[in-house]
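Trainee: Here's a structure for you.
The numbers here are math on the coordinates, done by the rules we state, and not lab data. This structure is a prediction, so every number in the text was calculated from the model and none was measured. Here the Cβ positions follow ideal geometry from the backbone for every residue, glycine too, while neighbour counts run over all protein chains shown.
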Amino acid sequence: MKGFGYLAKEGLKNVWSNRIMSIASVCVLVSCLVLTGAAALFSINVAQVVDSVGDSNETTVYIKSDVSQLEAVYIGKDIEKVSNVASATFYSKDEAFQQYKEELGDELFNKIEDRNPLPDAFIVVMDDLSLYDETVAKIKNIDGVDSINDHRELAKKLTDISNLVNIICIGVVGALMIISIFIIANTTRATMYSRRFEISIMKSVGATNSFVRMPFLIEGMVIGFISAAVSTGGIVLLYEAVMSAITSMIPFTYIPLANVILYVAVAFVIAGVVIGFFGSFISIRKYLKKEGNEILGW
Amino acid sequence: MIDFENVSKTYPNGTHALYDVSLHIDKGEFVFIVGSSGAGKSTFLKLIMHEETPTSGEIVINGKKTSKVKRREVPYLRRHMGIVFQDFRLIEKMNVFDNVAFAMRAVGKSTAVIKKRVPYVLDLVGLKDKMQDKPSELSGGEQQRVSLARALVNNPEIIVADEPTGNVDPEMSHEIIELLNEINAKGTTVLVVTHEHELVREFNQRVITIDHGRVIGDTKDKSAGIRYSDDDYAGYDEYDDAPQYPDNAVVLPD
């Protein structure tokens, strides 16, 4: 297109000359994008955890704390006798303690070393996971078995939480997106108002509507692009911090940011630019129907 | 070049701005459109610029019926004409060069063309030395010449000047019309809307008189109305409170 460089420059000039409104638009759009991104990252992490939990054919059976380790060995034999159980491996409370200590740090655990609160357990592997519920019921009936860490229950809970978070996020993000479009529409409308004199002259000398419109569309898209860049930076800063905080409470391996950040960035740019475009487009559409003095309000 | 065929314009609020106006302006003509305020001059201009469309009748510009012009074709219609406004409409923060260049950028001309054309046109209106000045640093007459340069820069076939001398010193007014005359001599059709009869008298050009929405005089086309002697113009501006004329009445001043 002829004169595109000039139009792009005008668009950038608009963003700068109207910077207070531009910053307001960027802020709203950033909160919209960061929330969307956070929700998406949360749900793919949950999905991964759910997958790994579902895949691992391992069920932890906890033994009552008043049972000695010798008695526990017999309980193990009983568990192995249950049909559909392939193996039951003893997992002592000392081993468990050591593993927690490695994962979560020495400090806390050194203090309680001599009074280990963890129970002894068996790691049970089943032949056929479709018989899971019945097998678990049978194991529960064995004397000395305290509880069973039902991974499926956990997986289901996680999925439920993830779904709930997604529904809330869709609502919030939808509302924020509408707000973003309106704020950007207002921003470009304010720019248009401040440049109405130029617009009226452009129209009087025969500038086409698409030409008049272009700097304002660029303004909207630049705001969208800046928002996308800021949001990507925000996600980079937040992700590691939030994830290490969560994993210190619930140990699990989260998806490294490097694997997904490119997709996040691309999605942000597309969403930001599209929202910016539409925001500007709806506000200038009305304006371009006016002529001459109407534009100036004289 | 410009044809009005039985053009009437009634605004949505009921104001009758033009009644059954028919006139013909040839390519290369210089025409004064005179009339007091409220006579329908500004509607006449808006119709030519296609800012408004007639309620009835047809306007033909460059052989093109404007009723057939689609919305997206309007900008291209306007590129045939350069508009000079009474209030100059210069952009304060831009210097003289950029103000004129703005009209070229608005129609997508390249920087290389702009750099060649703008100084040429500014030279034409005698402002080559003031290219870097801001409009506020210029006199009214100079500002109007910048406005004229901007109207000329895209090389239009028609120049439409709306009260070009309205905000200019009387001495400068003569100069502005002289400049328009020179432009006309180069083949551009020039329409000057004014209420300054003194000025009109100085230049022996065609005069179309509009009053209360009608063409009541045309020094070229006698059938369009009654031609006035110069004396008849005296006190013309006081006619504003005259009664509305019935549709077919032949109107004579007292």
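Trainee: In a Gaussian network model over chain B where Cα atoms closer than 10 Å are linked, find which of B:Val74, B:Val192, B:Val118 has the largest mean-square fluctuation.
Mentor: It is B:Val74.
Trainee: Taking the C-alpha atoms of chain B, how large are the radius of gyration and the largest Cα-Cα span, Dmax, in Å?
Mentor: 18.5, 59
Trainee: Nearest 20 debye, what's the magnitude of the dipole of the stretch A:65-143 about its Cα centre given +1 on Lys and Arg Cβ and -1 on Asp and Glu Cβ?
Mentor: Working: 8 positive and 18 negative charges, 36 e Å.
In debye, rounded to 20, the stretch A:65-143 gives about 180.
Trainee: Shape call for the stretch A:152-281 from the C-alpha gyration tensor, a ≥ b ≥ c root eigenvalues: rounded (a/c under 1.5), prolate (a/b greater than b/c) or oblate? Could you put the intermediate results ahead of the total?
Mentor: On the way: a/c = 3.89, a/b = 2.76, b/c = 1.41.
Taking the square roots of the gyration eigenvalues as a ≥ b ≥ c, the stretch A:152-281 is prolate.
Trainee: Please give the FRET efficiency for A:Ser244 paired with A:Arg115, using the beta carbon to beta carbon distance and R0 = 30 Å, rounded to the nearest 0.05.
Mentor: 0.60
Trainee: From Cα pairs below 8 angstrom and at least 6 apart in sequence, can you work out the relative contact order of the stretch A:1-119, rounded to a whole percent? Mind showing how you got there, number by number?
Mentor: Values: 25 pairs, mean separation 21.2, N = 119.
Relative contact order, the stretch A:1-119: 18 percent.
Trainee: Considering only Cα-Cα distances, which of the following residue pairs are longer than 30 Å: B:Lys109/B:Lys134; B:Lys27/B:Lys116; A:Lys13/B:Lys65; B:Lys70/B:Lys109?
Mentor: A:Lys13/B:Lys65
Trainee: Could you pull out the longest piece of chain A with no exposed loop trypsin sites (Lys or Arg not before Pro) in it, calling a site exposed if DSSP puts it outside H, G, I, E, B and it has at most 12 other Cβ atoms within 10 Å?
Mentor: The reported range is A:3-288.
Trainee: Could you tell me which residue out of A:Ala258, A:Val269, A:Val173 lies farthest along the dipole of the protein assembly as shown toward its positive end? Charges go on the beta carbon: Lys and Arg +1, Asp and Glu -1, centred on the Cα centre.
Mentor: Of A:Ala258, A:Val269, A:Val173, it is A:Val269.
Trainee: Please list, or write none, the lysines whose alpha carbon is within less than 30 Å of the alpha carbon of A:Lys111, excluding same-chain residues fewer than 8 places away.
Mentor: Hits, sequence-local ones excluded: A:Lys64, A:Lys93, A:Lys101.
Trainee: Right, another one. Under a Cβ-only charge scheme (Lys and Arg +1, Asp and Glu -1), can you give me the dipole magnitude of the protein assembly as shown about the Cα centre, in debye to the nearest 20?
Mentor: Computed about the Cα centre, the dipole is about 1640 debye.
Trainee: Which whole-number percent is the relative contact order of the stretch A:65-143 (Cα, under 8 Å, 6+ apart)? List each step's numbers first, then the result.
Mentor: Working: 70 pairs, mean separation 34.8, N = 79.
Computed over the stretch A:65-143, the figure is 44 percent.
Trainee: Using all Cα-Cα distances in the stretch B:89-155, what percent lands in each 5 angstrom bin from 0 up to the longest?
Mentor: Reading upward from the zero bin: 4, 21, 35, 25, 12, 3, 0.
Trainee: Mind giving me the nanometre distance, one decimal, between the label points for A:Ile123 and A:Ser17, set 7 Å out from Cα along Cα→Cβ?
Mentor: Label at A:Ile123, label at A:Ser17, 6.9 nm between them.
Trainee: Another one. Can you divide the C-alpha Rg of the stretch A:65-143 by 2.2 N^0.38 Å and report the result to two decimal places?
Mentor: The reported ratio for this selection is 1.29.
Trainee: With n ≥ 4 as the cut-off for DSSP H runs, can you work out [θ] at 222 nm for chain A, using -39500 (n - 2.57) per run divided by the number of residues, rounded to the nearest 500?
Mentor: -25500 deg cm²/dmol
Trainee: Tell me, what is the percent relative contact order of chain A, built from C-alpha pairs under 8 Å that lie six or more residues apart?
Mentor: Working: 358 pairs, mean separation 91.1, N = 298.
With pairs under 8 Å counted, the relative contact order is 31 percent.
Trainee: Counting each DSSP H run of 4 or more residues in chain B as -39500 (n - 2.57), what helix-only mean residue ellipticity at 222 nm follows after dividing by all residues, to the nearest 500 deg cm²/dmol?
Mentor: -9000 deg cm²/dmol
Trainee: Continuing with the same structure: Along the charge dipole of the stretch B:89-155, pointing to its positive end and built from +1/-1 on Cβ of Lys, Arg, Asp and Glu, which listed residue (B:Ala101, B:Pro135, B:Leu122) has its Cα farthest out?
Mentor: Positive-end residue among those listed: B:Ala101.
Trainee: Same structure again: Taking chain A as the reference, fit the longest principal axis to its C-alpha atoms, fit the long axis of helix A:257-288 to the helix C-alpha atoms, and give the angle between the two in degrees, 0 to 90, nearest 10.
Mentor: Orientation of helix A:257-288: about 30 degrees from the principal axis.
Trainee: A follow-up question, please. Roughly how tilted is helix B:96-106, in degrees to the nearest 10 and between 0 and 90, from the longest Cα axis of chain B?
Mentor: It works out to around 70 degrees.
Trainee: Any chance you could tell me what percent of the C-alpha pair distances in the protein assembly as shown go past 43 Å?
Mentor: 48 percent
Trainee: Determine which aspartates and glutamates satisfy two conditions relative to B:Lys64: a Cα distance under 17 Å, and not lying fewer than 8 residues away in the same chain.
Mentor: The qualifying aspartates and glutamates are B:Asp3, B:Glu5, B:Asp26, B:Glu51, B:Glu52, B:Glu73, B:Glu157.
Trainee: Pick out which of A:Thr247, A:Thr208, A:Thr159 has the largest mean-square fluctuation in a Gaussian network model of chain A, springs linking Cα atoms closer than 10 Å.
Mentor: The residue that fluctuates most here is A:Thr208.
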